[in-house]
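Input: a single structure, listed below in C-alpha cells.
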Amino acid sequence: MNSENILTIKNLSFEYDSGFSLKNINADFSKGEKIAVLGSNGSGKSTFFLNINGVLSHHHGSIFYKDIEITGKNLDILRRNVGIVFQEPDSQLIASTVEAEVSFGPINMGLSEEEVKQRVNSSMIEMNIESLRERPVHYLSGGQKKRVSIADILAMRPEIIIFDEPTASLDPVNCKMFEKTLERLENQNITTIVSTHDVNFAWKWAERVIVFHDGCIIADDIPKNVFSDSGLLKKANLVRPVLMEVCELLAVRGIIAANKTVKSISELKEMFL
C-alpha cells in the first residue's frame, strides 16, 4: 500500500440547525487504504462523509486535499476527487436512462467524448449492468439501482471512494460482485471507505476501522484492537465478529495459536485441510 497522505481533517466541526453536530474530528487518509466506518444510526458517519465530499461545508477546522486547504471557493476539488455512493440510490440517480446516468459525471468533468465512452463502458462492465444500458432508471429494482449508483462513481475515477452501506439492497450474488469490485479498487491503489453495520465484513475486509459515536470519532485503529475493546463495543452498540470469537475459542482449546488472526472462513478451512 502506498502511504502517501491524500486527505487530512483537522479539528473539523459541523452543526445542523437541529443541534446535532460533528465535534472536533481529526483523521488522515492515505493512498490505497481500506477503511471500515462503524457506528449506530445517527452517530455522525453520513454527515462526516458529506463534509469530506464537499456536499456540506464544515463550520470549523480544516480539510486538506494533499497540500491544498479546502475553502468555500474550491469545494469542487473534493467533489472531483472524493466520490460517494449513497445508501439510497434514489438520492443519487437523476438521469432518464442507465447510460445517461453513468455518463453524467464524466461529461460534467469536461472529458472528451471518447474518454467518456470508455469510462462509461468500463464502469458498466465492472458492475454487470451492460444489459441495462437503455433501461429507464426509475424502472430498475433496488439492487440494480445500487449497482448503477456505484458505476456512477467508478466512471469519475476519484482517488477516494466512500460507500455508504453499499450492500444494503444487494442479493448474495451481487454482494460477491461488490467485493470483487473492492478488490479491483485495491489493485488500482484507490482509497476505499465503507460505512457498514456488518462487523463480520469489517473484520474480513478492512485494514483500519473508525468508530463514530455522538458526532465524535471514538476509535481509529486496526480491526483487532477495536474489536478487542469491550468497553468501546458497548458504548458504540457493536458486537464482536464471529470469526474473532471462533478463533479465541479454538485458542482456548489449544487448537490454534493464541495470537492467530483469521480473516475469512476460507482461511479457517485451509488451516484444517
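The values are calculated or read from the model by the stated rules, or taken from the named source; none is laboratory data. Just so you know, these numbers come straight off a predicted model, no measurement behind them. Note that we place each Cβ from the backbone using ideal geometry, even for glycine, and neighbour counts take in every protein chain shown.
Structure notes:
Results for (1) in contact with a Leu (Cβ under 6 Å, 6 or more places away or on another chain); (2) farther than 24 Å from K204 by Cβ; (3) not assigned by TED's automatic domain parsing to the domain that holds F227, shown as yes or no for each residue.
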| position | (1), (2), (3) |
| --- | --- |
| K10 | no, yes, no |
| D17 | no, yes, no |
| H58 | yes, yes, no |
| G61 | yes, yes, no |
| I77 | no, yes, no |
| F86 | no, no, no |
| S91 | no, yes, no |
| A95 | no, yes, no |
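- Restricted to region 2-108, the set of strands (runs of 3 or more DSSP E) holding at least 1 residues that are more than 25 Å from I222 (Cβ to Cβ), at pLDDT below 90 and among the acidic types (D, E) is empty.
- Selection status of L249, assigned to a helix (DSSP H, G or I), surrounded by 18 or more Cβ atoms within 10 Å (Cβ to Cβ) and over 20 Å from the mean Cα position of the chain (by Cα): no
- Tallying residues that are among the polar types (S, T, N, Q) and crowded, with 18+ Cβ neighbours inside 10 Å within region 95-127 yields 2.
- Within region 75-97, residues that are farther than 28 Å from F64 by Cα have Cβ atoms under 6 Å from residues that are part of a helix (DSSP H, G or I) in these pairs: P89/K145; P89/K146; P89/S149; L93/E101; L93/V137; A95/E101; A95/F104, counting only partners at least 6 apart in sequence or on another chain.
- Criterion: touching a residue at least 24 places away in the same chain (Cβ under 8 Å), aliphatic (A, V, I, L, M) and farther than 18 Å from R80 by Cα - qualifying residue of A168, A155: A168
- With respect to being touching a residue at least 24 places away in the same chain (Cβ under 8 Å), closer than 24 Å to L185 by Cα and either in the same structural domain as E165 (by TED's automatic domain parsing) or crowded, with 20+ Cβ neighbours inside 10 Å (or both), G54 fits the description.
- Residues located in region 1-45, provided they are under 20 Å from the mean Cα position of the chain (by Cα), of a type in the set (D, E) and under 22 Å from Q87 (Cα atoms): E33
- Residue list for region 231-250, filter: under 22 Å from E207 (Cβ atoms) and small (G, A, S): A236
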